[in-house]
Amino acid sequence: MRFRSVVSSPAQPLRVVVAGAGNMGRAWLAAVTAAPGVELTGVADLDLTAAKAAVAAVGRPGLAIGSDAVELAGQTDAQALINVTVPEAHHSVTTAALFAGLPVLGEKPVAESVSRALSLVAATEVTGELFMVSQSRRWNPQLSRLRAMTRQLGPIGTVTTDFFRAPHFGGFREQMAQPLLVDMAIHAFDSVRFLLDCEPVSAYCQSYNPQWSWYAGHASATAVFEMESGTRYVYNGSWCSPGAETSWNGSWRISGQNGTALWNGDDDPILHMEAAPTIADTSPYSGIEGALQMFVQALRTGQRPSGEVHENVMSLAMVEAAVQSARTGRPARLDDVLTRAYVQAIRTEDRPDVCRVLQNWPSVRAALATSSRHVKIR
Ligand SMILES: NC(=O)c1ccc[n+]([C@@H]2O[C@H](COP(=O)([O-])OP(=O)(O)OC[C@H]3O[C@@H](n4cnc5c(N)ncnc54)[C@H](O)[C@@H]3O)[C@@H](O)[C@H]2O)c1
């Protein structure tokens, strides 16, 4: 899919509004105010006190604030919107922005469900605006090196991620039914798709809550995914595992025909194979700063960025498949998850134009795959 480009330059920066002034919103505000070629025009939050405190925290106390992000974008002549609201608000805020002619850079997850995510995919096809989802790990240079190493290993048998930490967040995460799978594991699931350049076929997952857990829902999970290539991806994690904690990125092993690549999540990955080649640096960017630079660049060039919404949806589908399998005790096929979400998306769509686009898709996989492979990272 082609999207509308927006010309900007260091002399004529891209004017953006940030929606959501919570914890992550503040991180984005710091990134936006430090970024070359980007100008912050306003901050929106339903909680105006939070918006006011956030603009003060980045040293811009006089900056425009408001409770409706798209309205604020109109008032401040913004050209794009960064959506850092809670997941339940991603669909409404992003849809409103796209139809107001604003390209969107949004925090993960793309939406609160795959069905709402499909509605957003179709909304970009109606409007021709770019919607890029920021999965911040994709912009980790170490993960990019691990990806380059993975390409040296020949056919890949197994990929594993161990994730063991013991954070006390308080708040909504400690009340969610599946805090680890829904709020955290999506980063690893998105990363494995990026590493292998390959999509998932099925998921089998058990989730559980250790008896000492301070979470109401399941803080631990083990999931096995079969990928299209036949590779098995094993995610083994817990959010109530004190002692010897892994990196927030998890600890990774890629096992292939020619050798193994290891990444502890914090340091450079290591390639274990005979006559290991030198791996060149692969990504010039990192974290949300990287996502922001890629968004600006994509709008300038019209080149599809990594994380463009069509390409991102399967990461959320992996979460839904794992949750479904954990609930039923049976493997979940990704095609079934997508089909159910598609039917739901058509049934619940409010906009006739978006509904028509959804109905005209030959299949969900085909719609999502539209040139989704081999998206350029730089
Ligand atoms: N990439 C990462 O590592 C990472 C880390 C943390 C959070 N996140 C993501 O960032 C997003 C925000 O998380 P957070 O921790 O900042 O949450 P938060 O609850 O601290 O802040 C969210 C803010 O959004 C506001 N909001 C809700 N609906 C809104 C609407 N319609 N319009 C404007 N504002 C609205 C809320 O009032 C709140 O201030 C989530 O999608 C979360 O998953 C990503």
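The values are calculated or read from the model by the stated rules, or taken from the named source; none is laboratory data. Just so we're clear, the structure is a prediction, and the values are computed from it rather than from any experiment. Cβ atoms come from the backbone with ideal geometry, glycine included; neighbour counts cover every protein chain shown. We work out accessible area using only protein heavy atoms, side chains counted, and drop any ligands, DNA or RNA first. Shrake-Rupley method; radii C 1.70, N 1.55, O 1.52, S 1.80 Å.
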> What are the residues in segment 42-62 that are buried (at least 21 other Cβ atoms within 10 Å of the Cβ) and either away from the ligand (no atom under 12 Å from the Cβ) or not assigned by TED's automatic domain parsing to the domain that holds A19 (or both), if any?
Replying inline: V55
> Since M1 meets every condition but one in (1) under 30 Å from A366 (Cβ atoms); (2) touching a Ser or Thr at 6+ places or on another chain (Cβ under 9 Å); (3) hydrophobic (A, V, I, L, M, F, W, C); (4) crowded, with 18+ Cβ neighbours inside 10 Å, which condition does it not meet?
Replying inline: (4)
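Collect the residues in segment 136-164 that are within 13 Å of the ligand (Cβ to nearest atom) and among the charged types (D, E, K, R), keeping them in residue-number order.
Listed by number, the residues that qualify are R137, R138.
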> Of the residues P167, P200, which single one is in contact with a Lys or Arg (Cβ under 9 Å, 6 or more places away or on another chain) and within 13 Å of the ligand (Cβ to nearest atom)?
Replying inline: P167
>> Of everything in segment 120-135, what is more than 21 Å from Q79 (Cβ to Cβ) and within 16 Å of the ligand (Cβ to nearest atom)? Give them in sequence order.
In response: Q135
> When only residues in segment 273-292 that are within 16 Å of the ligand (Cβ to nearest atom) and open to solvent by 50 Å² or more (accessible area, probe 1.4 Å) count, which is modelled with the highest pLDDT?
Replying inline: E289
> Among (1) under 17 Å from I254 (Cβ atoms); (2) crowded, with 17+ Cβ neighbours inside 10 Å, which single condition is L130 missing?
Replying inline: (1)
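Please go through segment 333-350 and pick out each residue that is closer than 18 Å to V192 by Cα and open to solvent by less than 10 Å² (accessible area, probe 1.4 Å).
L334
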>> Any residue that is crowded, with 16+ Cβ neighbours inside 10 Å and farther than 23 Å from A322 by Cα - is there at least one of those in segment 241-256?
In response: yes
>> Given (1) touching a Cys at 6+ places or on another chain (Cβ under 7 Å); (2) assigned to a helix (DSSP H, G or I), identify the lone condition not met by A166.
In response: (2)
> Taking segment 229-245 only, how many residues are under 21 Å from the mean Cα position of the chain (by Cα) and assigned to a loop (DSSP other than H, G, I, E, B)?
Replying inline: 1
> If we keep just the residues of segment 86-102 that are aliphatic (A, V, I, L, M) and open to solvent by 40 Å² or more (accessible area, probe 1.4 Å), which is nearest to S8 (Cα to Cα)?
Replying inline: A100
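This table checks each residue for (1) in contact (Cβ under 8 Å) with a residue 24 or more places away in the chain; (2) open to solvent by 20 Å² or more (accessible area, probe 1.4 Å).
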{"residue": "R165", "(1), (2)": "yes, yes"}
{"residue": "I186", "(1), (2)": "yes, no"}
{"residue": "F194", "(1), (2)": "yes, no"}
{"residue": "W214", "(1), (2)": "yes, yes"}
{"residue": "V224", "(1), (2)": "no, yes"}
>> Restricting to segment 7-21, name every residue that is surrounded by fewer than 19 Cβ atoms within 10 Å (Cβ to Cβ) and either of a type in the set (V, I, T) or modelled with pLDDT of 95 or more (or both).
In response: V7, P13, R15
> For segment 1-37, what are the residues that are outside the structural domain of T95 (by TED's automatic domain parsing) and near the ligand (Cβ under 8 Å from one of its atoms)?
Replying inline: none
> Any idea which of R330, R347, R356 is more than 28 Å from S136 (Cα to Cα), part of a loop (DSSP other than H, G, I, E, B) and basic (K, R)?
Replying inline: R330
> Scanning for something polar (S, T, N, Q), farther than 13 Å from E129 by Cβ, without any contact (Cβ under 8 Å) to a residue 24 or more places away in the chain and surrounded by fewer than 16 Cβ atoms within 10 Å (Cβ to Cβ), does segment 69-85 turn up at least one residue?
Replying inline: no
> Consider S315 against the criteria (1) modelled with pLDDT of 95 or more; (2) open to solvent by 60 Å² or more (accessible area, probe 1.4 Å); (3) under 30 Å from T282 (Cβ atoms): it satisfies all of them except one. Which criterion is unmet?
Replying inline: (2)
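Tell me yes or no: at least one residue of segment 297-315 is hydrophobic (A, V, I, L, M, F, W, C) and within 16 Å of the ligand (Cβ to nearest atom).
Yes, because at least one residue in segment 297-315 is hydrophobic (A, V, I, L, M, F, W, C) and within 16 Å of the ligand (Cβ to nearest atom).
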>> Among the listed residues R304, R330, identify the single one that is among the basic types (K, R) and open to solvent by less than 50 Å² (accessible area, probe 1.4 Å).
In response: R304
